Structure formats: C-alpha cells, structure tokens
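The values are calculated or read from the model by the stated rules, or taken from the named source; none is laboratory data. Remember, it's a predicted structure, so these values are computed and weren't measured experimentally. Note that we place each Cβ from the backbone using ideal geometry, even for glycine, and neighbour counts take in every protein chain shown. We work out accessible area using only protein heavy atoms, side chains counted, and drop any ligands, DNA or RNA first. Shrake-Rupley method; radii C 1.70, N 1.55, O 1.52, S 1.80 Å.
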Amino acid sequence: MVALMFGTAIVFALTWSSASAFVIPIRGTREFGLTRTGISWLLGMAQAIDLAALIPVGRLADRLGHGLILGAASVMLGLGAVAVGLGSRVWFGIGCACLGLGLAGWMLPLGVIRHHTPAAQLGWRTGLYRVGVDAAIFLGPLVTGLLGRGGESVFLALASAVALALGARLMTRPPG
C-alpha cells in the first residue's frame, strides 16, 4: 500500500511539472498563439482551483476515505493531462482546470502513508516521499524537453494513462 502511494505521488509530480513547466507554455504558444499573459492566466487558474478545492477535498477524504478521494483526484489529473497534451484549444483550457482540481489531492498519499507506517519509521518515509516527489518534479520537464517537439504530448499522454489507471484502482479498491 505504501508503495502504491509513493507511485501515485510521483505520477502526480511528473504530470503536473511536465504540464505546467513545459507543455502548457510551449503548446499554448506554438499551437494556440497564446501570449505570456494567456499562459499565466491558465496556470493561475489551475492554481486557484487547486487552492479553492484543498479544504473541501480534505474534508471529503476524512469522511469518505483518503484512497477513494485520491482516486478521484488522480482521474481528474489524468483527464486534465490528456486534454492539455492532446486537446483542442477549448479542451486545453478545460484541461488546465482539471489539472488544478486534481492537484487538490496532492497531499493525500502522505496521509495514507502515515496511516500505514509505524511511528518509528514515519520521519524516514516522509523524507523518502519528498525525495521521490521532488525528483519527479525535476524529471518531468527534463524528460519532456529531451523528447522534443511532439514528444512532450506523448509523454504527458502516457503519464495521464498511468494517472487514470491509478485512479481507477484507488476508486475500486481504496486503501484502508
């Protein structure tokens, strides 16, 4: 269960960092002719939705279970990544909103890890969690940049497929 939460957090970090640092600015400018201001508005919208949804998502997780809500957040993140990576201009904008909603579940894996970890190992696992997430935040834009034109959308589509699969797994069999 702990390994599944580490994997989920890493997929969240890869997906968001790839989308926000590379795909949204590059694809938005290249394919949709958006200016820096337009890109900033899209990124700001995703962050504002994330901020507005954090407390409701946390309350739902406390009531319905962390795994179930994390699964729903993972599905939203995956749908947003598909829309940002492969969608038309309208779906590109909707994808940014979905990414923001999915990001509201960003810290839920740590709650599940905490629940399944003995107190003596909690500090170590929390540190390992941060190392994995921070490495994924670094690797997302690096990999998309190395893939080059068109490859970034394929990478984001693959990351979104993993996020959707994780979301389906977590929603059908949520962790205890």
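Label positions at Ala52 and Arg173, each projected 7 Å from the Cα along the C-beta direction, are separated by 3.7 nm. What's the local net charge at Leu139, with K and R +1, D and E -1, over the other residues with C-beta under 15 Å away? Net local charge, Leu139 excluded: -1.
What the Cα atoms of the range 1-132 give is an Rg and a Dmax of 15.8, 53 Å. If you model the range 76-121 as an ellipsoid using its alpha carbon gyration tensor, with each semi-axis the square root of five times an eigenvalue, the axes come out at 33, 8, 5 Å, biggest first.
Over the range 1-74, what lengths in whole Å, largest first, do the semi-axes of the equivalent ellipsoid take, defined as the square roots of 5 times the eigenvalues of the alpha-carbon gyration tensor?
Numbers: eigenvalues 171, 51, 10 Å².
So the equivalent ellipsoid measures 29, 16, 7 Å along its semi-axes.
The local environment of Trp124, defined by Cβ-Cβ distances under 14 Å, has a net charge of +3 under the rule Lys, Arg +1 and Asp, Glu -1. Distance from the alpha carbon centroid of the range 1-67 to that of the range 126-140 works out to 16 angstrom. Based on DSSP H segments of at least four residues, each scored -39500 (n - 2.57), the chain has a per-residue ellipticity at 222 nm of -28000 deg cm²/dmol. Computed extension gain for Thr29 through His116, at 0.36 nm per residue and net of the alpha carbon distance, reaches 26.9 nm.
Once the dipole of the range 1-132 is set up with Lys and Arg at +1 and Asp and Glu at -1 on Cβ about the Cα centre, which of Thr8, Thr126, Ile113 lies farthest towards its positive end? Going by the charge dipole, the pick is Thr126.
Between Leu128 and Ser40, the C-beta separation translates, for a Förster distance of 25 Å, into a calculated FRET efficiency of about 0.15.
When only the Cβ of Lys, Arg, Asp and Glu is charged (+1, +1, -1, -1), the dipole of the range 50-132 relative to its Cα centre reaches about 100 debye. Sorted largest first by accessible area at a 1.4 angstrom probe radius, with every protein chain in place, the residues Trp16, Trp41 fall in the order Trp41, Trp16. Dipole magnitude for the chain: about 100 debye, using +1 per Lys or Arg Cβ and -1 per Asp or Glu Cβ, origin at the Cα centre.
Whole number please: convex hull volume per residue, Cα atoms of the range 70-176, in Å³.
89 Å³
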